[in-house]
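Encoded as structure tokens, the structure appears first; notes follow it.
The values are calculated or read from the model by the stated rules, or taken from the named source; none is laboratory data. Computed from a prediction, not measured in an experiment: that's the story for all the values here. Methodologically, a virtual Cβ is constructed for each residue, glycine included, from the backbone with ideal geometry; neighbour enumeration extends over all protein chains shown. Just the protein is used for accessible areas: all its heavy atoms, side chains included, with ligands, DNA and RNA removed. Shrake-Rupley method; radii C 1.70, N 1.55, O 1.52, S 1.80 Å.
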Amino acid sequence: MKKNYRTSAHQKGDKIIPMSFNANFFFERAMRQIDRNNYTKALKYFWRTVDFEPNNPIHFLNIAGLLSEMGRFPESNNILLHIVEKLDPTLTECYFYLANNYAHMEDMESAYRYIQNYIEAEPDGVYIEEALEMVEYLSMEIEQIEFEEDEEQKELLLHHHRIKSLLEEGKFYEAIKQFKHFLEEYPDFLAARNNLALAYFYIGNTHNAIEQTKIVLEHDHANIHALCNLAIFYQQTDELEQLKQVLELLKKVYPIHPEQLYKLATTFAILGEHEKVFEHFSRSINVFKQHDPVFLHYAAMAAFNTKRYTYAQKWWEQILKIDSKSMVARFYLDLLSQVEKHKVELTFPVFTYHYELPFEELINLLKQEPKLLKQDPFILSSLTWAIENGDDEIKEVILLGLGLLDCHKAEEILRDFLLDEQQSTSLKKKAVTALEEMRAKPPYLVKINGKVAQFERQTPDFRKWKQSWLEVLEWTEKFMKLNYSIMEVYDAKMLWYEFISKTQPDTPQIRKVKGWVAALEYLVAIIHQKPISFEALTMKYQVSKQTISKHVQELRAILQVSIKTKALNQLKNG
């Protein structure tokens with residue numbers, strides 16, 4: 001199998017040694033994230049296994065199973081159908097999984113059809129007992145089963161899903177074009193119009209997004225997805241009076257389906273309506289019996305943000321009963337114990353609801369107010385907790401994040417880390433990188449195997465760099481920090497370091513700095529499976545598509561960044 005390489009931080013002198021990645025590497029990373037119930041990151045890593053082995057149906061089956069676990073049933077179904085139709089028709093267990101997904105979607109006819117397919121294909125299969133029980137259940141749920149499929153309706157839905165997948169790939173302009181054509185033929189297909197509104201929103205055309213959403217509401221004034229989207233659009237445009245009116249409507253909605261309840265609750269979370277978030281997620285637990293860790297965390301976070309600490313503690317403790325390794329639950333329980341012990345308010349803002357550790361939020365806060373690192377004991381203890389209890393990924397975020405701060409306390413933490421013999425050499429290299437990037441004064445003393453030494457330089461000697469090279473670095477951080485994680489921005493900088501290192505003394509002349517920054521963002525987005533398009537970058541950086549494309553090719557030629565997207569595009573385009 002051909003090996004792909006992604007540049008990493010490993011250097012020796014002026015040379016940067018690329019790390020070798022393969023499907024098994026990313027599979028193991030995905031499983032680690034699943035163990036921590038961080039499904040979003042796990043999904044990203046599973047998609048990377050497909051990049052390396054695009055014809056292996058097991059990788060796709062892993063993705064389908066995880067999407068189902070996340071409640072993203074339509075996407076899971078698309079992948080399961082892709083497996084049996086294009087990769088391996090013998091994996092008939094996919095029909096069983098399809099039936100379960102459709103049952104969760106309350107599409108009983110489709111569930112019945114696929115469970116029958118499974119029984120016919122595997123009369124002695126592993127899931128035959130469950131399949132027979134499902135047939136009995138579905139037969140009671142529906143009075144009559146129509147076995148003749150409405151091919152026209154089926155093709156219509158598939159066509160819509162194909163266009164919708166363009167949004168997930170970041171091909172917003174192509175999605176807009178196809179949705180508009182689709183709606184010319186089917187103007188009352190409200191789901192397509194809602195998705196067209198989202199596509200407009202993603203390219204920054206909020207006016208058209210609002211216009212399309214209003215058309216949906218003219219046909220269905222109680223469409224929950226449209227109302228939720230409209231509220232977020234109004235928030236982005238600071239149309240506070242209109243937002244207030246939509247909020248009043250949303251506060252009167254009492255969803256009867258779990259999927260609608262989830263959409264409503266997450267919208268309230270984005271809008272900062274934490275009382276309503278608590279109301280809906282606590283109801284989800286009590287009525288719909290949603291007891292998986294993600295839902296419990298959302299409910300606990302809402303309780304925490306509304307100072308209902310008893311509820312928050314109960315639900316985070318419940319997560320630990322389900323998943324004793326949950327670092328997220330342990331972190332917040334430790335933080336909660338400090339809040340209750342000291343009986344003081346937290347300095348940092350209300351936490352977001354993502355089921356992940358909030359250290360990027362803390363770093364972003366400290367970039368705005370570095371003095372809090374010294375003044376606020378909760379923030380300092382949170383970072384200390386991460387260094388003592390976090391895995392390597394978490395520690396990398398903390399170390400590189402501290403390198404972005406201009407304060408003595410951050411430098412002190414980094415230097416102490418270098419002398420901690422419990423920490424790995426690779427992490428200490430990250431700490432040295434952080435010290436170099438904050439321009440801390442050398443030497444950087446490191447303790448390894450009981451001996452104190454000075455590490456070799458981990459970043460280039462910027463004193464020898466041309467001003468234009470430094471400008472690319474500066475603008476990369478400035479433009480990417482809002483939409484990319486600390487590690488993703490770090491990867492962009494590492495790519496630029498290596499490009500300059502490998503091309504000297506014949507480094508191309510940098511005429512349009514923003515064109516190179518856009519190219520770096522494009523490569524990082526592709527590496528991390530984030531939605532991206534040349535059109536969006538053209539608008540963001542105000543440079544031509546041709547310029548960005550040219551620089552992407554130049555970077556790829558030197559860095560050997562090769563991302564296999566054929567299988568991914570093939571799947572999402574049907």
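Worth a mention:
- Between the helical axis of 309-322 and the longest alpha-carbon principal axis of the chain there is an angle of about 80 degrees.
- Cα pair distances in segment 427-574, grouped into 10 Å bins until the bin that holds the longest one, percent each: 10, 36, 32, 16, 6, 1
- Extension reserve of the Lys180-Tyr309 stretch, reckoned as 0.36 nm per residue once the Cα distance is removed: 41.6 nm
- Computed with a 1.4 Å probe on the full set of protein chains, the accessible area for Ser284 sits at about 0 Å².
- Cut-off under 5 Å, modelled amide H: who pairs with Ile448 long-range: Ala453
- Cα-Cα over 18 Å, subset of Lys41/Lys530; Lys307/Lys374; Lys86/Lys177: Lys307/Lys374; Lys86/Lys177
- Segment 418-476 and segment 48-106: distance between their alpha carbon centers, rounded to Å: 44 Å
- Accessible surface of Asp238, taken over heavy atoms with a 1.4 Å probe and every protein chain present, rounds to 110 Å².
- Seen against the Cα atoms of the chain and their longest principal axis, helix 258-271 is set at about 40 degrees.
- Hull shadow area, averaged, the chain [alpha-carbon convex hull, nm²]: 29.3 nm²
- Area accessible to solvent at Trp47, 1.4 Å probe radius, in Å²: 30 Å²
- Glu436, Glu477, reordered so the largest accessible area comes first (probe 1.4 Å): Glu477, Glu436
- Applying 0.36 nm per residue to the separation of Asn389 and Asp238 and subtracting their alpha-carbon distance, the gain on full extension is 50.3 nm.
- Angle of helix 486-503 to the longest C-alpha principal axis of the chain, folded into 0 to 90 degrees and rounded to 10: 60°.
- Accessible surface of segment 467-572, 1.4 Å probe: 49 percent of it comes from carbon and sulfur atoms.
- Sequence-distant residues sharing a close amide H with Lys512 (under 5 Å, placed H): none
- Translational diffusion of segment 372-455, µm² s⁻¹ [Kirkwood Rh, Cα pairs; Stokes-Einstein; 37 °C; 0.692 mPa s]: 257 µm²/s
- Annotation: per residue accessible area for the chain equals 50 Å², rounded to a whole number [probe 1.4 Å, protein chains only].
- In order along segment 425-440, phi translates into HN-Hα couplings of 5, 4, 5, 5, 5, 5, 5, 5, 4, 5, 5, 5, 6, 8, 6, 5 Hz, rounded to whole numbers, per the Karplus curve 6.51 cos²θ - 1.76 cosθ + 1.60 with θ = phi - 60° and x for Gly and Pro.
- If R0 equals 22 Å, the separation of the Cβ atoms of Thr507 and Lys530 corresponds to a calculated FRET efficiency of about 0.20.
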